[in-house]
Amino acid sequence: MDRHPRGETVSTRRQFLAAAGLSLAGAAMAQSAADKLHVADEIYPGAFKVGEPVLPPLPYDYNALEPRIDELTLHLHHDKHHKGYVDGFIQQLKALRRMREEGSFEQIEQAEQKLAFHGAGHFLHCVYWASMAPESRRGNPSTDLAREIDADFGSRDAFLKQLERAAATVEGSGWALLGWSIPARRLVIMQVRNHQYATMWSEIPLMAVDVWEHAYYKKYGNERGQYLGNFMQVIDWGGISRRFEAVKSVLG
């Protein structure tokens, strides 16, 4: 199964390295680097281009999630709110470069705080878009992911209930995430408030539920529960499975 649009490029690179007479160890190292880039692309799809943050296009049409997630909300959410995070991220990266060039860091605290806020917002939105899909592409959890969900939560139904409740009870604006805990080697659900402070050093996000008001107010008003019930119906199980498998392939 072709799981990555650049899979053919990776294969070609391996053939080139072999033809160039590089050692097997060197070829293996290059392939390892390609695998790591593949994992990064799976977790945060389209987040960076040539080392700079960019606004990735939605992986589906703006009306593809109707009627559960409406077209107007996706336009505003993606084109305005997510773009604002990307613009702020870029602005603070430039500010830090100027500080380094000038050797003056009086504004470092403010820049670092804004960088964390906009950067976290950008990364989490990349995961959020990739957590949903049109009906024709949603699929089901892979065998490995389904087995892990059963082992860590008891059943898929129990997992969904816990995730929905975690998202419903985040105080104020925030997120609920499904992540892979590196030290615990298991799936975990996390509530995220003030995302600039929630780095979660040991958890890799596989799925994100945005419960900031701009994610649902146009259609659902202040009925967060209705939005969450509909979000649960557009989960991209195929995409989440690919991210899970990509992370496990690197971390074991």
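Here are the numbers:
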| item | result |
| --- | --- |
| Residue within the stretch 92-104 that is outside any helix (DSSP H, G or I) and either over 21 Å from the mean Cα position of the chain (by Cα) or of a type in the set (S, T, Y) (or both) present | yes |
| Members of the stretch 55-70 found to be under 23 Å from A246 (Cβ atoms), out of contact with any His (no Cβ under 9 Å at 6 or more places or on another chain) and open to solvent by 40 Å² or more (accessible area, probe 1.4 Å), listed by number | P59 |
| Residue in the stretch 228-250 that is of a type in the set (K, R) and under 22 Å from T73 (Cα atoms) present | no |
| Test for L163: is it surrounded by 15 or more Cβ atoms within 10 Å (Cβ to Cβ) and out of contact with any Asp or Glu (no Cβ under 9 Å at 6 or more places or on another chain) | yes |
| Members of the stretch 207-243 that are among the aliphatic types (A, V, I, L, M) and touching a His at 6+ places or on another chain (Cβ under 9 Å) | A208, A215 |
| Residue that is nearest to N194 (Cα to Cα), among those in the stretch 100-115 that are surrounded by fewer than 12 Cβ atoms within 10 Å (Cβ to Cβ) and of a type in the set (G, A, S) | S104 |
| One residue from G154, G221, G139, G172 being out of contact with any Gly (no Cβ under 7 Å at 6 or more places or on another chain), at pLDDT below 95, open to solvent by 10 Å² or more (accessible area, probe 1.4 Å) and not β-branched (V, I, T) | G172 |
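This table checks each residue for (1) aromatic (F, W, Y); (2) not in a strand (DSSP E or B).
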residue	(1), (2)
F159	yes, yes
A166	no, yes
A176	no, no
W180	yes, no
M190	no, no
A208	no, no
K219	no, yes
I240	no, yes
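The values are calculated or read from the model by the stated rules, or taken from the named source; none is laboratory data. All values derive from a computational prediction rather than experimental measurement. Because the Cβ atoms are built from the backbone with ideal geometry, glycine has one as well, and the counts that use them run over all protein chains shown. Ligands, DNA and RNA are excluded from the accessible area calculation, which covers all protein heavy atoms including side chains. Shrake-Rupley method; radii C 1.70, N 1.55, O 1.52, S 1.80 Å.
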